[in-house]
Amino acid sequence: MTVFKKIIDGEIPCNKIYEDEYILAFHDINPHAKVHAVVIPKPTHLKRIQDAQLKDVELLGHLMCKIPEIAKILGIDKDGYRIITNNGDHAGQEVPHIHFHILGGEPLGKLRG
Ligand code: AMP
């Protein structure tokens, strides 16, 4: 069981930002920017983006469409923010439960590929 599943189940506390039937957003415990949130789907079957199938469109679409609302709650919607998914080992993904980082609250510098 991942740490995110434990957070969903309430076994580990989190600093919650937003929750609904499908998703949960909370502050990252080890922030990499002034504002750093993590958004996760509540179902646990998607470890990585390549696990996503057409049946997951509604879930992932819901998550994506809720990010602006979460950013507004965080007060970073006007100045902008970065959304990141670490996907797999080379990206440094630690938690095998698909998730999206929201980073902002300060200028982040240009991302170079
Ligand atoms: P990733 O490296 O993309 O898998 O991201 C996992 C993120 O989860 C990291 O940024 C961690 O700091 C964060 N994290 C791990 N445990 C917790 C926790 N208990 N509460 C909040 N964030 C956590």
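Place a +1 charge on the Cβ of each Lys and Arg in segment 3-104 and a -1 charge on the Cβ of each Asp and Glu, then give the dipole magnitude about the Cα centre in debye, rounded to the nearest 20.
140 debye
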Item to check | ³J(HN,Hα), Karplus 6.51/-1.76/1.60, whole Hz, each residue of segment 80-96, x for Gly, Pro | outcome: x, 6, 10, 10, 10, 10, 7, 10, x, 4, 5, 8, x, 5, 9, 9, x
Next on the checklist: What percent of all Cα-Cα pairs in segment 3-104 falls into each 10 Å bin, going from 0 up to the bin containing the maximum distance?
Outcome noted: 15, 51, 32, 2
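Tell me which trypsin sites (Lys or Arg not before Pro) from segment 28-86 have a DSSP coil assignment and no more than 14 other beta carbons within 10 Å of their own. All intermediate terms of the calculation are to be shown ahead of the outcome.
On the way: sites: LYS34, LYS47, ARG48, LYS55, LYS66, LYS72, LYS78, ARG82; in loops: LYS34, LYS47, ARG48, LYS78.
Those that pass, being in a loop and sparsely packed, are LYS34, LYS78.
How high is the relative contact order of the chain, in percent, with contacts defined as C-alpha pairs under 8 Å that are six or more residues apart? Can you show the working numbers first?
Numbers: 158 pairs, mean separation 34.6, N = 113.
Normalised by residue count, the contact order of the chain is 31 percent.
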Item to check | Three-way shape call for segment 56-113 based on the alpha-carbon gyration tensor, with the a/c threshold at 1.5 | outcome: oblate
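Since every read-out is calculated from the coordinates, none of them should be taken as a lab result. The model shown is predicted, which means the values in this text are computed figures rather than measured ones. Cβ sites come from the backbone with ideal geometry, for glycine too, and all protein chains shown count toward neighbours.
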